[in-house]
Amino acid sequence: MSDPIADAAYASPAIEDARRTGAPGLVELYEEIADCPACGLARTRTQTVPGSGPAPAEVMCIGEAPGAREDEQGLPFVGAAGRFLDELLGDIGMSRETVHIANVVKCRPPGNRDPQPEEIAACQPFLDRQIALVDPLLIVTLGRFSMARWFSGTTISRIHGQPKRFGNRLVVPMFHPAAALRRGDLRTVIHADFARIPALIEEARAIRAEAPSDATDPALAATAVPPPSEQRALL
């Protein structure tokens with residue numbers, strides 16, 4: 001008799017993507033995520049959306065949570081915001097084949113609402129492991145919820161495009177691509193921020209050469225989830 005959970009995991013596009021890119025650690029992680037019951041989103045999801053792309057990778061983009069299209073297809077950023085992300089990456093000579101893409105929450109919140117603090121906390125161990133496996137030189141946070149992991153008490157409007165060093169890598173906060181779908185004036189801003197990525201990669205390579213070990217990287221340390229009032233203010 002077949003195991004429905006095992007069958008679903010085997011059929012997961014994200015797991016197949018990890019197998020294709022030759023990242024065994026990600027396959028194991030994604031299989032665990034596929035069977036995760038840690039929060040209420042497990043009862044409403046169609047499937048989990050752990051991430052996509054190679055590991056290791058120099059650049060890792062971290063968004064907020066899957067939407068309806070992602071929930072259907074099992075891969076991150078496949079809707080309208082994803083098409084804009086592809087455009088942004090293409091403009092700097094990059095693609096999904098070279099960049100690792102993930103979200104702070106691995107299941108779609110009902111109605112595409114904001115992820116709740118307890119949902120972010122439930123997924124945090126998975127994201128910690130994912131960052132360790134990908135070991136990016138540069139993390140690009142997309143949106144206020146991923147930004148809050150590294151930059152608390154401020155807003156994207158104030159610090160977008162401004163990198164900060166954490167251990168042996170750089171983290172740069174940027175607007176979520178979906179923001180440009182709501183506000184056309186942000187397209188130019190987001191394009192300008194993404195245009196800085198090649199130079200930031202060079203800077204991050206120099207940092208990694210100087211400090212190859214990530215043992216003290218705060219990005220992999222436990223990070224408190226900001227309260228809902230602070231999360232709502234981070235825009």
So, in region 37-93, exactly how many residues are without any contact (Cβ under 8 Å) to a residue 40 or more places away in the chain and either over 24 Å from Pro125 (Cβ atoms) or not in a loop (DSSP other than H, G, I, E, B) (or both)? 11
Within region 42-101, take every residue that is aliphatic (A, V, I, L, M) and in contact with a Ser or Thr (Cβ under 6 Å, 6 or more places away or on another chain) and give me the one that is nearest to Leu200 (Cα to Cα). Leu89
Being at pLDDT 95 or above, surrounded by fewer than 22 Cβ atoms within 10 Å (Cβ to Cβ) and in contact with a Gly (Cβ under 9 Å, 6 or more places away or on another chain) narrows Ala38, Ala68, Ala42 down to just Ala68
Output the residue which, of all residues in region 165-212 that are of a type in the set (Lys, Arg) and part of a helix (DSSP H, G or I), is surrounded by the fewest Cβ atoms within 10 Å (Cβ to Cβ). Arg182
Could you check how many residues of region 146-194 are touching a residue at least 24 places away in the same chain (Cβ under 8 Å), closer than 20 Å to Asp114 by Cβ and not β-branched (Val, Ile, Thr)? 18
Residue under evaluation Leu220, criteria (1) surrounded by fewer than 21 Cβ atoms within 10 Å (Cβ to Cβ); (2) under 23 Å from Gly53 (Cα atoms); (3) of a type in the set (A, V, I, L, M, F, W, C); (4) modelled with pLDDT of 95 or more, criterion not met: (4)
Could you please find all residues in region 125-163 being of a type outside the set (Lys, Arg), surrounded by fewer than 17 Cβ atoms within 10 Å (Cβ to Cβ) and in a helix (DSSP H, G or I)? Pro125, Asp128, Ala132, Ser157, Ile159
Look at region 103-124 and say how many of its residues are in a loop (DSSP other than H, G, I, E, B) and aliphatic (A, V, I, L, M). 2
Go through region 95-110 and give me each residue that's touching a strand residue (DSSP E or B) at 6+ places or on another chain (Cβ under 8 Å) and of a type in the set (A, V, I, L, M, F, W, C). Val99, Ile101, Ala102, Val104
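The values are calculated or read from the model by the stated rules, or taken from the named source; none is laboratory data. Being a predicted model, the structure only gives us computed values, none of them experimental. Neighbour counts run over all protein chains shown; Cβ positions are idealised from the backbone, glycine included.
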